[in-house]
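I have placed the structure first, in the form of structure tokens, so that the comments after it can refer back to it.
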Amino acid sequence: MARTLYYVASSLDGYIADENDKLDWLFRFNDAEGVADTYKSFIAGIGAIVMGSQTYKFILDQGGADAWEYGQMPTWVFTHHELPGIAGADITFVRGDISLFHANIIADAGDKDVWVVGGGSLAAQYLDAGLLDELIVTYVPVAIGRGKSLLPVGSATEPAQLLGSRTLGAGMVELSYRFTAGGPATEAGR
């Protein structure tokens, strides 16, 4: 069965984008040893993508259809706005609670996994709903002070299980965590 994964890079102080939605602090690490191979291996196991409207708009702002690197992979964009599509891309725009669409997204993934690309708020909704299976976060060795939070959950969660860790070039560390079913901590678990 497909897993739902939040695969993301974060600054040391827990931000995935700066306060102006910029990633300059991250892009300078794109050519670091191991980064391209790690991404290539990860994306090979993905069958469907989920993202919020801000992440989708960021991709469009980076070059429109030319910046779309996901081909015809089924993509679900959660939005409250009317957004342009991309010719040749399999994009479904939806509004509403993620749990209403999760079964269809899993079905689109087939025998592969679902990637919650971002942002952090959408990933937090998945975790709060008990639908996020794993977090794979690469910490980049910079602090940026303010920005978009890595995982702004609504309440404390049960402890996640560390599945593994590895270093990547230029001082980055990738950590993989599995979440327990049910998302937020229960009263008995606190």
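Those strands (runs of 3 or more DSSP E) of segment 1-98 in which 1 or more residues are among the hydroxyl-bearing types (S, T, Y) and closer than 17 Å to G147 by Cβ occupy 4-11, 15-18. Taken over segment 85-116, the criterion of being over 18 Å from Y70 (Cβ atoms) and in contact with a helix residue (DSSP H, G or I) (Cβ under 6 Å, 6 or more places away or on another chain) is satisfied by I98 alone. Residues in segment 130-166 that are closer than 21 Å to H102 by Cα and in contact with a strand residue (DSSP E or B) (Cβ under 9 Å, 6 or more places away or on another chain): G130, L131, L132, D133, E134, L135, I136, L151, V153, G154, T157. On the basis of being in contact with a strand residue (DSSP E or B) (Cβ under 6 Å, 6 or more places away or on another chain), aromatic (F, W, Y) and under 26 Å from D13 (Cα atoms), does W76 make the cut? In short, no. Note on segment 63-92: among residues that are open to solvent by 80 Å² or more (accessible area, probe 1.4 Å) and over 15 Å from G119 (Cβ atoms), the one that is modelled with the lowest pLDDT is D66. When N30 is tested against (1) open to solvent by 40 Å² or more (accessible area, probe 1.4 Å); (2) in contact (Cβ under 8 Å) with a residue 60 or more places away in the chain; (3) not basic (K, R), exactly one condition is not met: (2). I want to confirm something. Restricting to segment 166-181 and keeping residues that are touching an Asp or Glu at 6+ places or on another chain (Cβ under 7 Å) and part of a loop (DSSP other than H, G, I, E, B), which single residue is modelled with the lowest pLDDT? So the residue we want is T180.
Residues are listed down the side, and each one gets a yes or a no for (1) open to solvent by less than 70 Å² (accessible area, probe 1.4 Å); (2) in contact with a His (Cβ under 7 Å, 6 or more places away or on another chain); (3) over 22 Å from F93 (Cβ atoms):
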position: M1; (1), (2), (3): no, no, yes
position: S10; (1), (2), (3): yes, no, yes
position: G14; (1), (2), (3): yes, no, yes
position: N20; (1), (2), (3): no, no, yes
position: G34; (1), (2), (3): yes, no, yes
position: A48; (1), (2), (3): yes, no, no
position: M51; (1), (2), (3): yes, no, no
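Taking each residue of segment 69-95 that is over 18 Å from G47 (Cα atoms) and looking for partners that are among the aliphatic types (A, V, I, L, M) and at pLDDT below 95 with beta-carbon atoms closer than 6 Å, six or more apart or interchain, yields I86/A65. Pairs under 6 Å by beta carbon, first residue over 22 Å from Y39 (Cβ atoms) in segment 144-173, partner open to solvent by less than 40 Å² (accessible area, probe 1.4 Å) and in a strand (DSSP E or B), six or more apart or different chains? Partner pairs satisfying both residue conditions: S155/P184; T157/P184.
The values are calculated or read from the model by the stated rules, or taken from the named source; none is laboratory data. It should be emphasised that the depicted structure is a prediction, and the values quoted were computed from it without experimental measurement. Glycine gets a Cβ as well: all are built from the backbone with ideal geometry, and neighbour counts include every protein chain shown. Accessible surface is based on the protein model in full, side chains and every heavy atom, while ligands, DNA and RNA are left aside. Shrake-Rupley method; radii C 1.70, N 1.55, O 1.52, S 1.80 Å.
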